[in-house]
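Have a look at the structure below before the remarks.
The values are calculated or read from the model by the stated rules, or taken from the named source; none is laboratory data. Since this is a predicted model, take the numbers as computed values, not measurements. Every residue, glycine as well, gets a Cβ built from its backbone with ideal geometry; the counts of neighbours run over all protein chains shown. Quick note on the areas: whole protein, heavy atoms, side chains included, nothing else; ligands and nucleic acids left out. Shrake-Rupley method; radii C 1.70, N 1.55, O 1.52, S 1.80 Å.
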Amino acid sequence: MMLFASCTTRFSHGLVIAAAPGSVDTHESWDPATDIVHGGADSLYISVRQAASGPASVQCVQGPYQPSGKVLVYSGEITLPRASIEISDPNEAVKMLIPVPNVENHVDVYGDGTDEPDEVVIVLTGDESW
């Protein structure tokens, strides 16, 4: 496992956005009351602890990797126009642009098993690795 980036902050609206820079995925069909994660073609919306309840942590790592003590909450595919992903929140309390080795990735998201996890791990796995 290689750590691409990590952060801890109070995420506005309890939302982490992991997306290709300039993504236009709308996630209009997402219901955060029933789904912790919603995947689009080039982005993910991930529910985390509400900002008023305290900070949450996000890690983005190279896979394959299964973090100890975490529960798989999403598994899918994400295609990035360039080999980079941006992790942010709606108010840009955090905004990280992360280079990654692959344009096409299998993505797994792990949480602590709650509806508003205080820690999530985003695992990107592709053909190339660093």
For region 43-130, give me every one of the strands (runs of 3 or more DSSP E) that falls completely inside it and has 2 or more residues that are open to solvent by less than 30 Å² (accessible area, probe 1.4 Å) and within 24 Å of A33 (Cα to Cα). 43-47, 56-62, 71-79, 84-88, 104-111, 119-125
Go over the candidates D89, D31, D35, D42 one by one and state the one that is closer than 15 Å to V120 by Cβ, without any contact (Cβ under 8 Å) to a residue 40 or more places away in the chain and among the charged types (D, E, K, R). D35
Among the listed residues V107, V71, V120, identify the single one that is farther than 19 Å from D25 by Cβ, in contact (Cβ under 8 Å) with a residue 40 or more places away in the chain and not aromatic (F, W, Y). V71
